[in-house]
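Quick notes on the structure that follows.
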Amino acid sequence: MNEEQLKEALMVANDHPVLLAFLQIIADQEESDVLAGIMPNLTAEDRAYNCGRAAALKDLSGSIKLLRGENRLTSG
């Protein structure tokens, strides 16, 4: 799909159950990875791995919001 097709496909109501489920799964996994990344006694590599996963999920969520037109800039 090209970007316009993705935007069109994601233009469902904010309360659409599939959209809500998808975004909830992303948010839950992101939270889990953040919590895993701040656990004590992790090696630097383990911490970087978990934080990288959380960052990737945050980027994915942001991309979906951007495609849906939810990341509008505000003044101020």
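Go through the residues of region 45-67 one by one and say whether even a single one is outside any helix (DSSP H, G or I) and loosely packed, with under 12 Cβ neighbours inside 10 Å. So that I can check it myself, show each step before the final result.
Step one: list which residues in region 45-67 are outside any helix (DSSP H, G or I), which gives none.
No, region 45-67 has no match at all.
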### Message
Against the definition (among the polar types (S, T, N, Q) and touching a Leu at 6+ places or on another chain (Cβ under 7 Å)), how does Gln5 come out, yes or no?
### Response
no
### Output for region 11-44, where each listed residue is assigned to a helix (DSSP H, G or I), free of Cβ contacts under 8 Å to residues at least 24 places away in the same chain and small (Gly, Ala, Ser)
Ala21, Ser32, Ala36, Gly37, Ala44
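Can you name the residue in region 1-39 that is among the aliphatic types (A, V, I, L, M), surrounded by 14 or more Cβ atoms within 10 Å (Cβ to Cβ) and under 15 Å from the mean Cα position of the chain (by Cα) and, of all such residues, is nearest to Arg68 (Cα to Cα)?
Filtering region 1-39 for residues among the aliphatic types (A, V, I, L, M) gives 1, 6, 9-13, 18-21, 23, 25-27, 34-36, 38-39.
Filter once more, keeping what is surrounded by 14 or more Cβ atoms within 10 Å (Cβ to Cβ): 6, 10, 19, 23, 26, 34, 36.
Next, from what is left, pick out any that are under 15 Å from the mean Cα position of the chain (by Cα): 10, 19, 23, 26, 34.
Numbers: Leu10: 6, Leu19: 11, Leu23: 12, Ile26: 16, Val34: 25 Å.
Taking the candidates together, the pick is Leu10.
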### Single match in Glu8, Glu70, Glu3 (criterion: of a type in the set (Asp, Glu) and in contact (Cβ under 8 Å) with a residue 12 or more places away in the chain)
Glu3
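We did not get these values from a lab; they are worked out from the coordinates using the rules stated. In this text, all values refer to a predicted model and were calculated from it rather than measured experimentally. Cβ coordinates were reconstructed from backbone atoms using ideal geometry, including for glycine residues, and neighbour counts include every protein chain displayed.
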